[in-house]
Amino acid sequence: MSRLEAKKPSLCKSEPLTSERVRATLCVLKGILTSSYGPSGRLKQVHNGLGGCVCTTSHSSALLSNLPVTHPILKILTTSMQNHVSCFSDCGLFTAILCCNLIENLQRTGLTPTTVIKLNQQLLHLCTSYLKSESCGCRILVDFSRPQTLLCLVRSIVTSKPASMLTREETDHISALVLRAFLLTIPDNAKDHLILGKSIIVPSKGQRVLDSSVFPGILLEMSEVQLMKILPIKKSDAFKVALFCASLSGDLSDTGEGTVVVSSRVSLENAALEQLLNLGRQLVSDHVDLVMCQKVIHPSLKQFLSMHRVIAVDRVGVALMEPLSKVTGTPPIGSLGSISPSSYGRVKDLCPAKFGFKHFLHLIPNEATICSLLLCSRNDTAWDELKLTCQTALHALQLTIKEPSVLLGGGCTETHLAAYIRHKICNEPESILKDDGCTETELQLITEAFCSALESVAGSLEHDGGEVLTDMKYGHFWSTQAESPSVVNWPDLLSRCGCGLYNSQEELHWSFLKTTRHPFAPQTCLPHEEATGSANNLTLDCFTAKLSGLQVAVETANLILDLSYIIEDKN
Amino acid sequence: MAAVGSAKVALQVAEVLETIVSCCVGPEGRQVLCTKPTGEVLVSRDGGCLLEALHLEHPIARMVVACVSSHLRKTGDGAKTFIIFLCHLLRGLHTITDKEQDSLISKNIQTHRRHWKNCCQWKFISQALLTFQTQILDYIMDHYLSKHFLSIFSSSTKERTLCRSSLELLLEAYFCGRVGRNNHSFISQLMCNYFFKSMACESGFEEVFDLVDDYFVELNVGVTGLPVSDSRIIAGLVLHRDFSVYCPADGDIRIVIVTETIQPLFSTSGSEFILNSEAQFHTSQFWIMEKTKAIMKHLQSQNVKLLLSSVKQPDLVIYYAGLNGISVVECLSPEEVSLIQRIIGLSPFVLAQASSQYEICNTALVKFCKPLILRSKRYVHLGLISTCSFIPHCIVLCGPVQGLVEQHEDALHGAFKMLRQLFKDLDLNYMIRTSDQNHTSSPPTYKTSRESNPLPEIVNGLIQRPYQGTVVKNKGKLAKTQTYLKVYSNLVVPSVELETDIPYSTPKVTPTDTYQTDETLRCLPPTKTRIIDDSEPFVESNSANSIAENTGIEISYENLQVTKIARKGSMLPVREKSLEMCTSQSYCCSTLPAGCVLPVGGNFEILLHYYLLNHARKCQQSEGTIVSMIIANALLGIPKILYKSKKGKYSFPQIYVRTLHALQTNQPMVSSQTGLESVAGKYQLLTSVLQCLTKILTIDLVINIKRQPQEMYDQDSEEEV
């Protein structure tokens, strides 16, 4: 009998955001996030006092999932960011920092939540419609005939994760590999419906990063003994493959709900084994070269197959089944009965391979959209971070295929957007104020809070004590070296803007980000062809991820600002 | 340990609850964050949800919460208003207690201790409240308020067609109170689109509401991590699972539903399978395989491309399905299966038919069947061809966090409940006493029927049952009052009947006492004189007021009986009325037509307030008047909160004065807000609150038992011990 227990009453707190403790914790979280942001971000070492591995990272998903938060408001903030990261992989820190900034700034205005939320939503709408519009000055359309843009995107993502500890050369190598791996997953003859393949990341720790490489097909890891047994592989122009998803271990299938009575002289195990060996005979007579099984193969069957020079690989696991069936070009076999000749697949070549201390059997397909990305790194934590980085980059590339645009990175999109909004609100406030009961002063306060939140996200890219500036023509983001002389000639001190599109030798005027500026209309002359061609080192961001991050950040901030009570269930 | 349960305690409790809910009420309301012990975080503005999350300890508070949730089950809306209204009613009662005492407490009770006296007084008030609820409220709704009602239907003819713009207004106003204020217009647009997309024909909207309400969980998909504005409606049905095997198919796609495993097994339950040799084992395995293969081949030959299974199918079945180009979806929940059956009218396929001679008749066509990927999770997307008036569509709800998605889901579900309620007729029953005295019947069955009834406690939800409701309702009330009696058994009350009668008194008419008694003697059959005799001592000791009450009751019972008989024969309200008119107390029954709405912003409350005050001014009977006044004033509490943040021309006093002026001069009312709300919902809320209040007022003692937790509300039985 279960014991009934009276529920404890919940704890109810009003106006949670005004409490000093909440502000302090929000501030700490913001500190953690901002200090990890960008290529020069500081690394965080998260470790559990009770043991377990130490995680060195500056990646939002690793950071947020390892960080235990207790306060409900922080919980809602971090889960929101985690959900965003699990959807888009990229722009997690951007979203989180923007959200924290917004909460802080908007709360400081002291206006009623109704006004704040209404206007905030309007400003967000202004941002998204500008970013999606043709005239947007910080969006570049991707030309797939030039891989340069995509390479820039990948390189920006790789450089923004300093915890993978890559040198410049290694960064270039990894970026090129990731892009190659992605291109290999695109089918050659795409019809109207594009189905991307898969890049499988194969770990190889303890090697140099420069040893990483990409292979078409699948690398099946196996022990050296196993590999030696199947060597030498006889040569032929194509190998016949039987891929099983049914178990070949010889255990009995489900016998139903009734009883099965077996006489003492009958051995079902023998019968099952006999059936397996029959299958083996058929495989041999069909001249199959390679048998792969998702589950276990009975040792006797394995023995039988190896006697007939058939390579048997078992315990492949369910995760590899789909790529394998794509590589071999056949659906897996699910029955132990007679196999029709059409259910065998083919691979072009089979060869043994050795990387570091690991041995692999390499399946090379005739044509398939599956490739293996062998990632090498010196130590475990750096490898984990590198893997996350590569996954993020691959995901960003997939998103870019769907929506072929990229945004300028390096803080330029944020400052440009802020300049655009300030200008828009200053010149035509009626467009927003038309139906609501808000005053122009309120609108100006909120706009200031919103724009400075955006700008301080850009400002968090600078960690070394340099000055952060914006120019008064394009609204791009610039930063100086630390310890710069006080009497300044800006064009000499600055070299290129955050995204690398403009250099300081143009006739530009600068202003500190923190100071108030006269609103100006940021120019939108994007030099399309030649600039994207010439400026090889643009910093770019994934459009879909950033746009959604912006929306999620504003919506989460709105949600948190709207809270009037917290009811904590203490059971 | 016992604590005095009184209106004062209840008021304190209600005030605490009011402060919490009043911050979430109306378009200006804010959100509340609830954490669960499991660590989940929920965002909510739903009053019912908040009250549940508080896990209140105080017994009266728990009773209030129970009342609120029973109200919510019925209507899906109004929990916050419930609390606010209840609080204002209690406050009103509290302030006028002193006045009440003089008018209601009679001499002989003064000898009792003060506490019992108080209880008695509260009980009188609660009875007056019941009277109000059963008689005055409906009367006023029907006679005065109904002329202000608007209809959600676009035409005035019998053919009911929904007007899109008014539905939008209604939903917008509803979501204003339920979801965050930056999302309400988006969500209401979404729901409106959903509704008009899924409706096959104009007339079938009721079926659509019923179906969506019943299967709401199956008809929406929540996605976290995306902005709310990515929410959308997709045509077809989305099943919350992936294909076990998917074979792309075009053209003529037929589906079958199975509820058992297709592969024959060695033995079924209750049978025994004897294996004598290994060869036999081989052959039986072979047979099973061949049989499965044959079934799948047969399905393929019938052009079946999709197999929906409510159970897990063995791997062999999946394999052969894949070979034959049949996609399989396994482990469908019973709800999903019944939803599909309801939409396409397809019954499950029985395996016995599968032998290849027969055509499979239980198949249906679908337009498409493909995987749908939402945030890297795969779903099955089916284009079912509907055979009913619901064209399947699914709502994909996106939000940054699960809590927000859940809030939107709940709000949408509540909106469907509210609409379902709105499209039902609401019956109003009340009595009008006319001077005509010719009784048509005096039923001798009266007493027996009353005593033999099993006293069902089905007060809730009675208002919607048109032609049997009233009688049962009275019985239910009877049950309640009888149980109260047990509680107050130390009161000197001579007869059960007397007590139970009191709630049905008709306070709005006050004829002279002599006339009343005469009438009673004249119209009561001989069997009933006993009751009257029994009650004699009490009646005499009481004030003249109570005599009037008692006799009034007897008559009303008879009339009830009359109408019951009359109803058996006729279904038309018009005919009933004519029958009733000839009785001395005619029992009126009119209906509030389905789809009645009023503009939002406290219009209903101000209107009812105005007419209640008018009514109270007209009639002289003291307690009825007082109750009407209290209710009328408490009603204003809701618009006061709604207009709290408004300034100048839109502040509450301004609006109030303007509305009253418009009413007095018979001008059309002007509303500052463009939104509509359901009258039926408001009416039901009012009755639920009044019922809750009566419940609270009839409690005199709260006994705290330090034992295993058990049912908290059975103080009645405890007190008898």
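So what's the gap between the Cα centers of the stretch B:369-424 and the stretch B:671-700, to the nearest angstrom? So the two Cα centres are separated by 30 Å.
The B:S70 and B:N193 beta-carbon pair, evaluated with R₀ = 35 Å, returns a calculated FRET efficiency of approximately 0.60. Inter-chain Cβ neighbour count for A:67-78, averaged per residue, equals 3 (cutoff 10 Å, partner chain atoms only). Put simply, the amide H of B:I253, placed in the peptide plane, has neighbours under 5 Å in B:V366, leaving out anything fewer than 5 places away on its chain. Normalised by the number of residues in chain A, the mean separation of alpha-carbon contacts (under 8 Å, six or more apart) gives a relative contact order of 26 percent. Legend: calculated FRET efficiency, A:F144 to A:A238, from the Cβ-Cβ distance at R0 = 35 Å, rounded to 0.05, equals 0.60. Under 5 Å from the amide H of B:V597 lie the amide H atoms of B:L150, B:S151, B:I152, B:V679, each residue being 5 or more positions distant or on a separate chain, with H modelled from the backbone and absent for Pro and chain starts. Taking every alpha-carbon pair under 8 Å whose residues sit at least 6 apart, the stretch A:347-493 reaches a relative contact order of 17 percent. Using the average count of surrounding beta-carbon atoms within 10 Å as a protection proxy, the listed peptides B:631-640, A:340-349 rank, highest first, as B:631-640, A:340-349. For the segment A:108-114, counting C-beta atoms of other chains within 10 Å of every residue's C-beta and taking the mean gives 2. Remark: the stretch A:91-180 carries a charge dipole of roughly 160 debye about the Cα centre, counting +1 on each Lys and Arg Cβ and -1 on each Asp and Glu Cβ. The Cα center of the stretch A:393-457 and the Cα center of the stretch B:587-612 differ in position by 47 Å. Look at the stretch B:322-330: the mean tally of other chain Cβ atoms within 10 Å of its residues' Cβ atoms is 1. Fewest-first ordering of A:S80, A:S175 by other beta carbons within 10 Å of each residue's beta carbon gives A:S175, A:S80.
Summarising the strand pairing of the stretch B:208-329, around 10 percent of its internal DSSP beta bridges are antiparallel. Rounded to the nearest 500, the 222 nm mean residue ellipticity of chain A from helices alone is -13500 deg cm²/dmol, with -39,500 (n - 2.57) taken per DSSP H run of at least 4 residues.
Cα centroids of the stretch A:155-226 and the stretch A:84-149: 30 Å apart. Neighbours of A:F450, meaning other residues whose beta-carbon lies under 13 angstrom from its beta-carbon, give a summed charge of -1 when Lys and Arg score +1 and Asp and Glu score -1. Rounded to the nearest 20 debye, the dipole magnitude of the stretch A:1-93 is 280 debye, with +1 charges on Lys and Arg beta carbons, -1 on Asp and Glu beta carbons, and the Cα centre as origin. Take A:13-24, B:396-407, B:235-246 and order them by the average number of nearby Cβ atoms within 10 Å per residue, most first; the result is B:396-407, B:235-246, A:13-24.
Backbone geometry of the stretch B:266-272 corresponds, through the Karplus equation with coefficients 6.51, -1.76 and 1.60 at θ = phi - 60°, to 3J(HN,Hα) couplings of 4, 8, 9, 5, x, 10, 10 Hz, x marking Gly and Pro. Taking other Cβ atoms within 10 Å as a rough exposure proxy, A:D143, B:D252, B:D427, A:D90 sort from fewest to most as B:D252, A:D143, B:D427, A:D90. Taking other Cβ atoms within 10 Å as a rough exposure proxy, B:W287, A:W510, A:W478, A:W490 sort from fewest to most as B:W287, A:W490, A:W510, A:W478.
For the stretch B:80-90, backbone phi angles converted through the Karplus equation (6.51, -1.76, 1.60; θ = phi - 60°) give residue-by-residue couplings of 5, 4, 3, 5, 4, 5, 4, 4, 5, 5, 5 Hz, Gly and Pro being listed as x. Backbone phi angles across the stretch B:137-151, fed through the Karplus curve with coefficients 6.51, -1.76 and 1.60 (θ = phi - 60°), yield HN-Hα couplings of 4, 5, 4, 5, 4, 6, 7, 10, 5, 4, 6, 8, 5, 9, 10 Hz in residue order; Gly and Pro are listed as x.
Amide H to amide H, with H built 1.01 Å from N, A:S372 comes under 5 Å of A:I200, A:F215, A:G217, counting only residues 5 or more places away or on other chains. Among residues other than B:V329 with Cβ under 10 Å from its Cβ, the summed charge is -2 (Lys and Arg +1, Asp and Glu -1).
Shown is the FRET efficiency for A:A482 and A:L196, computed with R0 = 45 Å from the Cβ-Cβ distance and rounded to the nearest 0.05: 0.55.
Bear in mind these aren't lab numbers, they're just calculated from the coordinates by the rules spelled out. A quick note: this is a predicted structure, and the numbers were derived from the prediction, not measured. Quick reminder, even Gly has a Cβ in these numbers, built from the backbone with ideal geometry, and neighbours come from all protein chains shown.
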